[in-house]
Amino acid sequence: MQFAFDSMLGLGLLACAAGVFWSRDLFRSVVMFIAFGLLLALTWVRLEAPDLALAEAAIGAGLTGVLLLDAIGHLRQHNEHSPRNHWLLPLLCCIALALLLILSFNARPEASISLPQLVAESLPESGVEHPITAVLLNFRSYDTLLEIAVLLVAAVVAMALNDGLAAAARTSTEQSNRDPVLAGFTSRLAPVILLVAIYVLWAGSYMPGGAFQGGAILAAGLVLLKLADFHIERYAESLLRLGLAFGFLVFLAVATSVMIGGRPFLTYPEAFAGQFILFIEAVLTFSIGLILFSLFNQSPGQEVPHDN
Amino acid sequence: MTTDFWFACIGAVLIAMALFTFIRHTHLLRRILAFNIMGSGVFLILVGLAQHQRQTDPVPQALVLTGIVVAVAATALALIIFRRFYQLSGRTELDEDQQ
Amino acid sequence: MNLIPLLLVIPLAWALLSLLLPRLPIGLLALAGIVLQLGTAAMLWNNVQVHGASSYAIGDWVAPLGITLVADGLTVTLLAMTALIAVVCAFYAIFYLRAYEKERRYFWPLFWFLLAALNGIWLAGDLFNLYVGLELLTLSAVGMVTLSGERHALAAGLRYLYAALLGSLAYLLGVALLYGAYGTLDLGQLSSLLDANLMTQLALALMTFGLLMKTAVFPLHSWLPPAHGGALAPVSAILSALVVKSSFYILARLWMDAGDALMPVSAAQLLGTLGALAIIWGGWQAFRQSEIKMLVAYSTVAQLGYLMLLFPLAIGQSQQSAVLAWQGTMLHLLSHGFAKAAMFLAVGTLVLAVGKKRVVDMAGISAKMPLALFAFGLASISIMGLPPSGGFNAKWLLMQSAIQSGQWHWVAVLLVGSLITASYVFRVFSVSFQKDADPQIRSTHPALDLSALLLAAIAIALGFAAAIPVELLTLPEDML
Amino acid sequence: MIYLQYLLVGAGCLFFIVGTLGLLRFPDTFTRIHAITKADNLGLGLLMLGLLPSTESLPQALKLILIWLLVLAASATASYLIAHYVKAQSPDALPHADTTSEEQD
């Protein structure tokens, strides 16, 4: 019975991917891409990775889908350029790659190092019960530090490209066309979203959840507010900019301040590891939410008539 | 044919499909879609292969979480640059890719 | 207070400073930061020279669980090179960006994130850590390429981003296969575990493809010239001198760790032929370019071909020729870094002064801008590989290694390469020494020429003092 | 007790199938939205009722109900927005406006 569900899910994934690649209209592709993201979230549940299901649903299907829909909205014509004519050679290469990959899955040597055991053994010292949060924010916290830097760089480049645009082009009138139903729904939903984001962040230390999922939910709430014409970003332009880098600033400050005590880089003091991690995660959630929102908000909106 | 192995094979097929589209289509948005799905395929292989006939492993799951966030940052950047490019040039593909 | 994490913390901290406090004199702030980084790199260099290689476990977690940073001879030399080129490029950028007010605001944060990513990659000992470092490097490099916001810069940035993302995914797929097979991500542990089976070889092949894509080696090089040619001068200098080398560094580490058992000689010869084709094709394209910055960008494509000669000369050959090939390649990496950075800075000054981009517009420039052209000349001596320069020593070591391993065809490639390089360099000189032409030029700050001259001088100095870095570069004992 | 759960979950799935059937069979956008929103919300409600007894703790049960309420609110707003958008795009698309409502994609 299990395998029937898995095979259907797998084939569903392939069908959605085929839908994304071979549908003529781009809008249809993006909608199929969002469906693909949701099915992928289900797949992560089947692979016993609830964290990834949360992240995939919130970031993969949710935010990426919103960004793509926003981009599609500004394309005038959705029709397709005919794809390149030579297709036989790429087709053979891709089929060969797939077969090689699947064949290589069998020729797998017996793993000599079992990392999950190591994680389980040193979990008590990590200060959190949930292994994935322990790996992300304690064992491999340097990766997470660089990853936040990657997010920050994306936000910085977005700002750089948009400072060129005249600020006037980006602000729309106040009570222009605020849709009553959407506005009512959003104003009631926003507190619930904030509550859920904080809950997911808090649960991260002992259950699937954590900074990234919480941040993505926060970003989704902010995007919803922006779509419902609540222009929050105009109230605190500079605060927003500080907020982008705030999470990374605190993470780096904590990472280096422990070095003064003679400990190596990014080593949390034994007794307070849990509190340190929670503090960093709280700040990261706030910052990731703002960065992901600014990536949506900064994207060049208005149609500047192109020159040629 | 455990669940993990099945989804790792699905990941491999997804990568092949995405690569095929990446080569054939020159429309920049479609290439971003292909890149995202190829990333998902790689993540499926990373977790599926690591957990095939072994216990659930938190390390690849943490790596994939990092990968998803990096992928969304790269996609957002690509979209922002594409939209500025589209605004300035009105084209949805790079000049050299014209037929 | 160990030095290694400092090299990561300084760039990240300065990135935040320049992002959050734009009103401060960013240029001077940046210069102070880089001098600090140069000092740390120099201390670390001295440290490793005395005590030998050292590794550093982040977060106090042992290798397979946590991430270790490795600082051996090669890493420290590359760190010193990065810091040195960054100092000069920052000094150049302070004066150069006066003409580009809009870009100034966001140049420095991206510059610092790029430096942090570079230091992270040189020091990293963990495969997934290298992936995240490569992504940070790519995004900040693309950000700098698209800084000006014009259509061509955006198109070049997009092309660069797509190629780099495809390469990163291929690399990540290889990492996924290796983790699936061996259960660890640490390079040190992996090198002892690797045995020849289909999964390992497929993983290394995918990683090689990904890294070749990011190093812009011949068939996959089409994204580099518009990106490096179109960017601001200090940006293209850093991109050509450092960013492209980082993925080659990972490739060299991987192939050397895997060693002869795993890597078939045919694959190494294939990489060698790709390098040879890159040298010839890059040189020919450089000769045919009309714009001077594109000429220098295609010269980068050609010079990267020399780096690829490491594989045929080291894999499956005698220990002696492998050591010579390793030293020759790394010395070429160093001298090309300094020389190409000097070339791009000099060309940037010329373009800024003349206001036009084409080579023919540079007619008679030698009378008006002697210093910049002199720096360009010194740098081209090292690129061509004429005797007193570091480039010559590198090519000499490579030639010795080729002779030792009896592969005469690489000797021919080396000679033809130098000939082609000379062709496009003299094309620039012949134009600039025309007597009758009299170009009107805007006055440029003398600091621009000085920084180009400084870098070119270092490239030449490598010719005389090549023993110091080369001896430190000696192959890590456990590899071969 | 377990049979009641099977019954409820079965009924819920039935409603989902009916909703999808409605999506495929109905001629134009408005009727499709109608079918989807109504059937799926009811289906989800039944599914949720069916699963309530097997939740381990009260907070978990409350979360399940919260999910259902959120989906109710979200699908109601979404269907309103889609209908609003389609009406704005082609005002003559309303069924009662003209007897022969052409195929609406």
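For the reader, a short list of remarks on this structure follows.
- Amide hydrogen proximity for residue C:385: with H placed 1.01 Å from N in the peptide plane, the residues at 5 or more positions away or on another chain lying under 5 Å are C:392.
- Overall dimensions of region D:2-88 as given by Cα atoms, namely Rg and Dmax in Å: 14.9, 49
- Over region A:1-157, the hull volume per residue, using the convex hull of the C-alpha atoms, is 191 Å³.
- Convex hull volume per residue for region C:413-480, taking Cα atoms only, in Å³: 169
- Cβ charges +1 (Lys, Arg) and -1 (Asp, Glu), total dipole of the protein assembly as shown, debye: 2160
- Against the empirical 2.2 N^0.38 Å (N residues), chain C has a Cα radius of gyration ratio of 0.92.
- Peptide-level mean, for C:188-196, of C-beta atoms on other protein chains within 10 Å: 1
- FRET E, pair residue A:24, residue C:273, Förster distance 51 Å, beta-carbon r, rounded to 0.05: 0.75
- Label separation (residue D:5 vs residue C:101): 7.1 nm, computed from points 7 Å beyond Cα along the C-beta direction.
- The Cα atoms of chain B cover 52, 25, 14 Å along the three principal axes, with the biggest extent listed first.
- Across region C:226-296, the volume of the C-alpha convex hull divided among the residues equals 81 Å³ per residue.
- Nearest-ten-degree value, helix B:28-50 long axis tilted from longest Cα axis of chain B: 10
- Going from the residue with the fewest nearby Cβ atoms within 10 Å to the one with the most, A:123, C:270, C:154 rank C:270, A:123, C:154.
- Taking the square roots of 5 times each eigenvalue of the Cα gyration tensor of region A:19-75, largest first, gives ellipsoid semi-axes of 24, 13, 5 Å.
- Region C:372-475: trypsin sites (Lys or Arg not before Pro) in DSSP coil with no more than 13 other Cβ atoms inside 10 Å: C:435, C:442
- In terms of the mean number of neighbouring beta-carbon atoms within 10 Å, the peptides C:56-69, C:31-44, C:110-123 order highest first as C:110-123, C:56-69, C:31-44.
- Check: chain A dipole with +1 on Lys, Arg Cβ and -1 on Asp, Glu Cβ, in debye: 440
- Residue-wise HN-Hα coupling along region C:222-238, computed from phi with Karplus coefficients 6.51, -1.76, 1.60 (Hz; x: Gly, Pro): 5, 7, 6, x, x, 5, 6, x, x, 7, 5, 4, x, 5, 5, 4, 5
- Ordering C:461, A:248, C:437 by Cα displacement along the dipole of the protein assembly as shown toward the positive end leaves C:437 in first place; charges were set at the Cβ atoms of Lys, Arg (+1) and Asp, Glu (-1).
- Partner shielding of A:10-17 amounts to 5, given as the average count of beta-carbon atoms from other chains within 10 Å of each residue beta-carbon.
- For region C:224-299 and region A:1-50, distance of Cα centres in Å: 39
- Across all directions, the average projected area of the convex hull around the alpha carbons of the protein assembly as shown is 40.4 nm².
- Across the alpha-carbon set of region C:77-161, the Rg to Rh ratio works out to 1.01, Rh being the Kirkwood radius.
- Across q = 0.12 Å⁻¹, region C:180-278 modelled as identical point scatterers on its alpha-carbon atoms has Debye log10 I(q)/I(0) values of -0.47, in the order of the q list.
- Estimated distance in nm for a label pair at residue C:447 and residue D:63, the labels positioned 7 Å out from Cα along Cα-to-Cβ: 5.8
- Unit Cα scatterers, Debye sum, region A:126-302: log10 I(q)/I(0) for q = 0.13, 0.15, 0.16 Å⁻¹: -0.71, -0.88, -0.97
- Each Cα pair under 8 Å and six or more residues apart adds its sequence gap; the mean of these over the residue count of chain C is a relative contact order of 15 percent.
- Ratio of the Cα radius of gyration of region C:275-398 to 2.2 N^0.38 Å, where N counts its residues: 1.17
- D_trans [Stokes-Einstein, Kirkwood Rh over alpha-carbon pairs] for region C:266-480, 10 °C, 1.306 mPa s, µm² s⁻¹: 90
- Between helix D:29-51 and chain D there is an angle of about 0 degrees, using the helix long axis and the longest principal axis of the Cα atoms.
- When region D:2-88 is described by a simple charge dipole with +1 on each Lys and Arg Cβ and -1 on each Asp and Glu Cβ, the residue from D:50, D:30, D:2 located farthest towards its positive end is D:30.
- Inter-label distance for residue A:192 and residue C:2, nm, one decimal - labels placed 7 Å from Cα along Cα-to-Cβ: 5.0
- Pairwise centroid distance, computed over Cα atoms, of region A:133-151 with region C:83-131, Å: 22
- Its relative contact order, with pairs defined as Cα atoms under 8 Å and 6+ residues apart, puts region D:2-88 at 34 percent.
- Charge dipole of chain C (Cα centre as origin; +1 on each Lys and Arg Cβ, -1 on each Asp and Glu Cβ, all else neutral): 1660 debye, rounded to the nearest 20.
- Length-normalised contact order of region A:126-302 in % [C-alpha pairs under 8 Å, at least 6 apart]: 35
- Ranking C:396, C:301, C:322 by Cα position along the charge dipole of region C:293-430, where only Lys, Arg, Asp and Glu carry charges on their C-beta atoms, puts C:301 farthest toward the positive end.
- Taking 1.002 mPa s as the viscosity and 20 °C as the temperature, the Stokes-Einstein diffusion coefficient of region B:12-54 based on its alpha-carbon Kirkwood radius rounds to 199 µm²/s.
- For peptide C:150-163, the mean count of partner chain Cβ atoms within 10 Å of a residue's Cβ comes to 6.
- Integer Hz, Karplus 6.51/-1.76/1.60 couplings in order for region C:329-337, x for Gly and Pro: 5, 5, 5, 5, 4, 5, 5, 5, x
- Projected area averaged over orientations for chain A, convex hull of C-alpha atoms, nm²: 22.0
Read the figures in this text as sums done on the coordinates, not as results from a lab. Since this is a predicted model, take the numbers as computed values, not measurements. Methodologically, a virtual Cβ is constructed for each residue, glycine included, from the backbone with ideal geometry; neighbour enumeration extends over all protein chains shown.
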